[in-house]
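Some notes on the structure that comes next.
Where a number appears in this text, it was derived from the coordinates with a stated rule and is not lab data. Predicted model, so just to flag it, every value in this text is computed and none were measured. Every residue, glycine as well, gets a Cβ built from its backbone with ideal geometry; the counts of neighbours run over all protein chains shown.
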Amino acid sequence: MDNKGFTLMELLVVVIILGILATYVGVKLVREPERARINQTRIQIQALEQALKMYQMDNGEYPSTEQGLKALVEKPGTGNIPRNWKEGGYLEKNRVPKDAWDNEYVYMNPGLHNPNGVDVFSYGPDGQPGGDGDNADIGNWESEAGEAR
């Protein structure tokens, strides 16, 4: 007798293997958009840090915490008024971007992580201070790999 079909056990093994693969791929696909948002936020923080360095070069100091990142698009009218503020501001589109979760970036001068400089950071996906893993704060004190420098 010639058996050319699959046994029930063989079919069950294939279905289980396909289920495991589908679960693995599904989890990976769900996490990829979040990883992309985290990377986008890191890139924006680097751009903000560069704009702040240009501001500092022009004016001899960074904006105060109170002046905030808004000082990159509007000449501050309080605190130490910058004498050489660049007409048109320091950011493209003359606006301070929000992080990938539509939250404002946090700016501190002096920084807690960069005591001789400034901190620019996002509270990350959860929008709350602290956190770990994918919910950790994302700041200019991190290397490109996402580890603290």
Worksheet, complete the sentence: Descending packing, highest mean Cβ count within 10 Å first, for 76-87, 14-25, 53-64 is 53-64, 76-87, 14-25
Item to complete: Could you pull out every residue, at least 5 positions away or on a different chain, whose amide H is within less than 5 Å of the one on residue 65? Hs are placed 1.01 Å off N in the peptide plane, and Pro or chain starts have none.
Response: 109
Fill in: Whole-Hz ³J(HN,Hα) from phi, Karplus 6.51 cos²θ - 1.76 cosθ + 1.60, for the range 125-142, glycine and proline x
x, 7, x, 10, x, x, x, 9, x, 5, 9, 5, 4, 10, x, 6, 8, 8
Worksheet, complete the sentence: Most exposed to least, judged by fewest other Cβ atoms within 10 Å, 137, 126 sort to 126, 137
Worksheet item: What does the charge count near residue 52 come to, summing +1 for each Lys or Arg and -1 for each Asp or Glu among other residues with Cβ under 13 Å from its Cβ?
Response: -1
Worksheet item: Around residue 86, what is the net charge, scoring Lys/Arg as +1 and Asp/Glu as -1 over all other residues with Cβ under 12 Å from its Cβ?
Response: -1
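To the nearest 0.05, how large is the calculated FRET efficiency for residue 40 and residue 78 if R₀ is 30 Å and r is the Cβ-Cβ distance?
Numbers: r = 32 Å, r/R0 = 1.06.
Result of the calculation: an efficiency of 0.40.
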Discussion item. Can you list residues from other chains, or at least 5 along the same chain, whose modelled amide H is less than 5 Å from the amide H of residue 140?
Written reply: 120
Worksheet, complete the sentence: Computed, not fitted: 222 nm per-residue ellipticity of the chain from DSSP H runs ≥ 4 (each -39500 (n - 2.57)), nearest 500, equal to -13000 deg cm²/dmol
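Quote the relative contact order of the range 50-149 in percent (integer), defining contacts as alpha-carbon pairs under 8 Å separated by 6+ residues.
The normalised contact order for the range 50-149 reaches 17 percent.
Report the local net charge at residue 123: Lys and Arg +1, Asp and Glu -1, summed over other residues whose C-beta lies under 11 Å from its C-beta.
Computed value for this residue: -4.
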